[in-house]
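The values are calculated or read from the model by the stated rules, or taken from the named source; none is laboratory data. Here the structure is a predicted model, which is why all the values come from computation and not from measurement. No Cβ is skipped: glycine too gets one built from the backbone with ideal geometry, and neighbour counts run over all protein chains shown.
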C-alpha cells in the first residue's frame with residue numbers, strides 16, 4: 001500500500017476503494033471484480049480490504065454504499081433548491097436520471113445484487129437506501145397536499161410507488177435500447193405524465 005493511502009483514515013480509504021470499484025465496473029462485468037483487482041487499482045492490501053468490508057459481499061457492499069451516499073446527497077441538494085414540493089419532486093426525478101446516465105453500471109449492478117438469494121449485505125444496504133428515499137419523497141408529497149399543490153385523492157404511498165416505478169421503467173428502457181434513445185428527454189416527458197396524475201386540479 002502506498003504511504004498516502006496507508007495514512008488515510010478508514011472512511012477515506014473506503015472512498016478510494018469505492019471510486020476504484022466504480023472505475024472497474026465500467027471496464028468489466030461487476031461480478032468479475034475481485035479484491036485483488038481493487039488492491040491492484042488502489043494499492044490497498046487485500047487484508048485491509050477485508051477488514052474494511054468483511055465477508056464475501058465486500059465488493060457489492062462498497063459499490064452500494066458509494067451509490068447511496070452520492071445519490072442521496074444530490075437528491076437532497078436538488079430538493080433544497082426547489083421553490084415548491086412539486087418542483088422538488090421534479091428536481092429529484094431528473095437528478096436521479098442524470099446520476100444514472102453518468103453511472104450506467106449502477107442499475108445493472110443493483111439488479112444483479114437484488115437477485116441474489118438470502119439477506120446479503122448489499123441487498124440490506126439497498127433496502128435501507130430505499131426506505132430513506134421513500135421517506136424523503138413521502139415528506140414532499142405530504143407537504144404538497146398540505147399546501148394544496150398535490151391531490152389528496154391519491155395516497156402518499158401510491159404517489160411514491162408510481163414515482164419510483166416510473167424511474168425503474170425508464171431504466172429498463174435504457175438497458176434494453178442501449179444508446180438508441182435520449183433517456184433524459186424520455187424522462188422529462190414521463191414526469192409530465194406523472195405530475196398530471198398527482199397534482200391538485202382546481
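Which ones in the stretch 20-34 are without any contact (Cβ under 8 Å) to a residue 60 or more places away in the chain, surrounded by fewer than 18 Cβ atoms within 10 Å (Cβ to Cβ) and either in contact with a helix residue (DSSP H, G or I) (Cβ under 8 Å, 6 or more places away or on another chain) or part of a loop (DSSP other than H, G, I, E, B) (or both)? Step through it out loud before you land on a result.
Filtering the stretch 20-34 down to residues without any contact (Cβ under 8 Å) to a residue 60 or more places away in the chain leaves 20-21, 23-24, 27-29, 32-34.
Filter once more, so that each one left must be surrounded by fewer than 18 Cβ atoms within 10 Å (Cβ to Cβ): 23, 27-29, 32, 34.
Result: 23, 28, 29, 34.
For the stretch 176-193, which residues satisfy the criterion of being over 17 Å from residue 98 (Cβ atoms) and surrounded by 11 or more Cβ atoms within 10 Å (Cβ to Cβ)?
177
When residues of the stretch 79-108 are filtered for being in a helix (DSSP H, G or I) and more than 18 Å from residue 164 (Cβ to Cβ), how many remain?
Step one: of the stretch 79-108, the residues in a helix (DSSP H, G or I) are 79-80, 85-102, 105-108.
Subset that is more than 18 Å from residue 164 (Cβ to Cβ): 80, 87, 102, 105.
Number satisfying all stated conditions: 4.
Taking interchain pairs and intrachain pairs at least six residues apart, which have beta carbon atoms under 6 angstrom, with the first residue in the stretch 35-47 and on the phi > 0 side of the Ramachandran plot and the second part of a helix (DSSP H, G or I) and surrounded by fewer than 17 Cβ atoms within 10 Å (Cβ to Cβ)?
Short answer, once both residue conditions are applied: 43/5.
For the stretch 53-75: of the residues being more than 30 Å from residue 85 (Cα to Cα) and surrounded by fewer than 16 Cβ atoms within 10 Å (Cβ to Cβ), which is modelled with the lowest pLDDT? Outline the logic, then answer.
Keep residues of the stretch 53-75 that are more than 30 Å from residue 85 (Cα to Cα), which gives 53-63.
Imposing the further condition that a residue be surrounded by fewer than 16 Cβ atoms within 10 Å (Cβ to Cβ) reduces the set to 54-56.
Details: 54: 70, 55: 66, 56: 61.
Step by step, filter the stretch 53-75, then rank; the result is 56.
Out of 17, 64, I need the residue that is within 21 Å of residue 104 (Cβ to Cβ), in a helix (DSSP H, G or I) and not assigned by TED's automatic domain parsing to the domain that holds residue 88. Which one? Don't jump to the end; show me each part of the working.
Working: 64 fails: not assigned by TED's automatic domain parsing to the domain that holds residue 88.
Going through 17, 64 in turn, the sole match is 17.
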